[in-house]
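Data block below; observations after.
The values are calculated or read from the model by the stated rules, or taken from the named source; none is laboratory data. Model, not experiment: these values are computed from the prediction. All Cβ positions, even for glycine, are placed from backbone atoms using ideal geometry, and neighbour counts span all protein chains on display. Calculation scope for accessible area: heavy atoms of the full protein, side chains included, ligands and nucleic acids excluded. Shrake-Rupley method; radii C 1.70, N 1.55, O 1.52, S 1.80 Å.
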Amino acid sequence: MSEYARPASLDEALSLLSGDGAVPMGGGTDLAGQVDRGIRAPILLVDLRHAGLDGIEEADGGVRIGASVTLAELAASSALGPYGAVASAASLAASPLLRNVGTVGGNICQHTRCWYYRGAEWHCWLGGGETCYAQVGDHRKHGLEPGDCISAHPSDLAPALAVCDAIVELRARKRSRELPLLELYRRPTDDDRSLVALRPGEIVTAVRLPPPPDRSAYERLGERAAFSFPLVSVAAARRGAEIRLVAAGVANIPRELDPTDPLAGLQGSPQSAWKRRALATLAERARAAVE
């Protein structure tokens with residue numbers, strides 16, 4: 001059984017998180033599943049809901065979003081009106097119940113939903129084992145990019161924020177730094193199987209958006225309208241004549257696409273060929289929405 005703490009300030013939270021086995025918790029919608037499946041075994045759960053990480057503020061022509069802001073709050077915020085892709089992604093993620101609890105920080109840092117990674121009966125490569133079972137088994141819903149792990153990134157918010165040039169603010173007890181959102185993610189290696197570039201004791205404290213693009217849009221494909229993670233999603237944004245596309249569900253991290261050839265480097269397999277078709281269609285729709 002893990003111990004539990006609800007710090008009243010960010011400094012107190014960061015001090016607790018500097019200890020071995022301490023794990024941050026926002027809404028807990030992903031973390032609870034990880035603990036239940038034995039993926040993580042926290043010694044101390046540090047609840048961040050009262051650590052001062054809430055709030056959506058307009059500043060310098062952009063918006064700063066606290067990591068503890070819920071998806072429902074984000075979707076309803078008038079400050080996000082000029083960021084159509086972000087507002088749309090927040091309103092479509094998961095289900096109404098989960099959007100009322102799940103946080104911005106948790107959504108962009110969530111673990112893959114790969115059934116081999118989540119399944120208690122497998123010890124896959126990403127989880128520290130030797131085999132990516134998806135590559136020798138059922139991978140209809142997995143990524144199109146080759147590698148040691150072909151899991152698919154599940155965040156709705158990540159591509160939408162990234163395409164709008166979001167910056168993440170990171171804090172640990174004795175340091176702080178900022179990264180373009182796509183640099184929060186990393187491809188796993190033999191010596192580090194993590195999909196996020198967080199350092200020990202470090203958490204996302206906020207996401208900052210610069211002045212909005214001229215237009216942005218978000219397109220997704222899920223198995224159902226509610227309680228559905230994106231099987232494939234594409235966010236598009238236009239600033240002047242420049243168009244950016246960022247996708248989720250096609251690689252184990254959010255992936256920027258070449259607007260002239262969205263399928264480049266994403267060959268997939270016969271099982272996942274449908275994802276290539278879906279990606280091409282969603283990219284076309286997202287691009288058309290911002291042109």
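For the reader, a short list of remarks on this structure follows.
- Computed from the Cβ-Cβ distance with R0 of 45 Å, the FRET efficiency linking residue 120 to residue 258 stands at 0.70.
- Rounded FRET efficiency, nearest 0.05, which uses the C-beta distance separating residue 18 from residue 215 and R0 of 45 Å: 0.60
- 5 angstrom amide H check on residue 131, placed H, neighbours 5+ away: 125
- Residue separation of residue 271 and residue 2 scaled by 0.36 nm, minus their Cα-Cα distance, works out to 92.8 nm of gained length.
- Per residue value of the accessible surface for segment 198-264 (all protein chains in place, 1.4 Å probe), Å²: 41
- Accessible carbon and sulfur surface of the chain relative to its total accessible area, %, 1.4 Å: 50
- Where segment 102-156 is the region considered: accessible area per residue in Å², 1.4 Å probe: 39
- Length added when fully stretched, residue 197-residue 9, from 0.36 nm per residue minus Cα-Cα: 65.3 nm
- Charged-residue dipole, Cβ positions (Lys, Arg, Asp, Glu), the chain about Cα centre, Debye nearest 20: 420
- Farthest toward the positive end of the dipole of segment 18-110, out of 71, 34, 107, is the Cα of 34, where the dipole comes from beta carbon charges about the Cα centre.
- Cα centroid separation, segment 45-84 to segment 170-234 (Å): 15
- Cut-off under 5 Å, modelled amide H: who pairs with residue 94 long-range: 228
- Segment 215-278 shape via C-alpha gyration tensor axes, a/c threshold 1.5: oblate
- For segment 182-291, chymotrypsin sites (Phe, Trp or Tyr not before Pro) are listed when DSSP marks them as loop and at most 13 other Cβ atoms sit within 10 Å of their Cβ; the list is 227.
- Under 9 Å, Cβ to Cβ, from residue 149 - net charge with Lys/Arg +1 and Asp/Glu -1: +1
- Per-residue ³J(HN,Hα) for segment 122-135, Karplus 6.51 cos²θ - 1.76 cosθ + 1.60, θ = phi - 60°, Hz, x for Gly and Pro: 10, 10, 7, 4, 5, x, x, x, 10, 10, 8, 5, 4, 6
- Potential extension, residue 97-residue 183 segment - 0.36 nm per residue separation minus Cα distance: 28.0 nm
- Normalised contact order of the chain, rounded percent, pairs of Cα under 8 Å and 6 or more residues apart: 19
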